[in-house]
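Heads up, the thing below is written out as structure tokens.
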Amino acid sequence: VRALHGRQSSWEKKLIKKKLLVIKPPYTAFPVGFAYVLACLGKYEIPFDFVDTTLPFLDYRRYIRKNDYLAVASGGLIGQFRFFNEIIQNVRRINPDLPIILGGNITKDIKHEFLLDKIGIDFAVVGEAETSLPHLVNAIANGQNDFSNIPGIIYKNKSTGEVVKNMPQRLDLAGENILPAWQCFDLDYYSPMQGIPFLGNRSCMPVLSGRGCVGQCSFCSPTIGSFRKRPIRQVMEEIEFLNSKYNFEWIIICNEMAYQTKEQVMIFCEAYK
């Protein structure tokens, strides 16, 4: 782990015995963010159970009652607020001491004091979960009380009651090439890209060409102000992998903006051709 805030992190990995329970809200769009999060957990050898509540036969409460989890994690947009509130209330009824982690854009669209005090989460992950979540889970597993060296998390200092906000750390897109964990999802359900009428019933698979957006649209909540493109070689390798693994018709570039400049678009087109 890189040095943060001028000092070296004390993060040390050990075998994590308890699982993390990851709960996805009920929405029908391709869950790209969750696919990256699950892949990251796999990379760090963090055991987890994943519940996709879009599929009606999966009840996360049954998982909590049957298993002794290390923590519960979910995330998404502010529009899923009621769902997150329901999760937190149910977790507290079943196991009041179980740590609750919330990520996604909702953590920057709602006041952090409200999330921690009124809603009752224990940790908010702000920014890219790959740089924060594995280290946070490991710290919880180690029984740590000092989270000051973990980037991109917000929590309450138990001694002082102060809300602590650690600066997020950007993921090195050139150095990290983790493929989304699509094997954890029912792709027969997601692949027709429900809710996008102009695609008809065509089967699709999503790819990120980069992360972020230079736009500042009032109706949106992306990573505002900058766009970071993935190396074109990685994008082509992922498309080749998807073609070899899955049966679909269209590739969908599904980040907020595909590319920032005409030159970047032309480089992609030449590589794809």
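The values are calculated or read from the model by the stated rules, or taken from the named source; none is laboratory data. Predicted model only: the values in this text are computed from it and were never measured. Glycine gets a Cβ as well: all are built from the backbone with ideal geometry, and neighbour counts include every protein chain shown. For the accessible areas, the whole protein counts, side chains as well, though only heavy atoms, and no ligand, DNA or RNA atoms are used. Shrake-Rupley method; radii C 1.70, N 1.55, O 1.52, S 1.80 Å.
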**OP:** Read through the list (1) closer than 26 Å to residue 121 by Cα; (2) over 19 Å from the mean Cα position of the chain (by Cα), then give the number of the only condition that residue 203 fails.
**Re:** (1)
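For residue 227, are the conditions met, namely being assigned to a helix (DSSP H, G or I) and either buried (at least 19 other Cβ atoms within 10 Å of the Cβ) or not acidic (Asp, Glu) (or both)?
no
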**OP:** Find all pairs meeting these conditions: Cβ atoms under 6 angstrom apart; at least six residues apart or on different chains; first residue within region 25-37 and without any contact (Cβ under 8 Å) to a residue 12 or more places away in the chain; second residue surrounded by fewer than 16 Cβ atoms within 10 Å (Cβ to Cβ).
**Re:** none
**OP:** Working only within region 83-99, note down all residues that are in a loop (DSSP other than H, G, I, E, B) and either among the hydrophobic types (A, V, I, L, M, F, W, C) or on the phi > 0 side of the Ramachandran plot (or both).
**Re:** 98
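Restricting attention to region 167-193, and to residues there that are without any contact (Cβ under 8 Å) to a residue 40 or more places away in the chain and open to solvent by less than 60 Å² (accessible area, probe 1.4 Å), which single residue is nearest to residue 123 (Cα to Cα)?
Residue satisfying both the conditions and the ranking: 175.
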Original post:
Where in region 1-82 are the strands (runs of 3 or more DSSP E), entirely inside, with at least 1 residues that are within 20 Å of residue 191 (Cβ to Cβ) and at pLDDT 95 or above?
Top reply: 20-24, 48-52
Original post:
Could you give every pair whose Cβ atoms fall below 7 Å, whose first residue belongs to region 247-266 and is within 14 Å of residue 232 (Cα to Cα), and whose second residue is charged (D, E, K, R) and open to solvent by 60 Å² or more (accessible area, probe 1.4 Å), counting only separations of at least 6 or pairs across chains?
Top reply: 259/229; 264/229
Subject >> strands (runs of 3 or more DSSP E) completely within region 104-171 that count 2 or more residues being under 27 Å from residue 85 (Cβ atoms), among the charged types (D, E, K, R) and modelled with pLDDT of 90 or more >> reply: none
Original post:
So which residues in region 233-260 are open to solvent by 50 Å² or more (accessible area, probe 1.4 Å) and under 18 Å from residue 211 (Cα atoms), if there are any at all?
Top reply: 233, 237, 253, 254, 256, 260
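So that you can scan it fast, the table gives a plain yes or no per residue for (1) open to solvent by 20 Å² or more (accessible area, probe 1.4 Å); (2) free of Cβ contacts under 8 Å to residues at least 12 places away in the same chain; (3) within 26 Å of residue 220 (Cα to Cα); (4) within 20 Å of the chain's Cα centre (by Cα):
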residue	(1), (2), (3), (4)
49	yes, no, no, yes
67	yes, no, no, no
76	no, no, yes, yes
93	yes, yes, no, no
124	no, no, yes, yes
134	no, no, no, yes
**OP:** Could you run through region 164-218 and say how many residues are in contact with a Lys or Arg (Cβ under 8 Å, 6 or more places away or on another chain) and of a type in the set (Lys, Arg)?
**Re:** 2
**OP:** For region 194-210, enumerate the residues that are without any contact (Cβ under 8 Å) to a residue 24 or more places away in the chain and either touching a Gly at 6+ places or on another chain (Cβ under 9 Å) or among the polar types (S, T, N, Q) (or both).
**Re:** 201
Subject >> Any hit, region 186-200, residues being under 20 Å from the mean Cα position of the chain (by Cα), of a type in the set (Phe, Trp, Tyr) and modelled with pLDDT of 90 or more >> reply: no
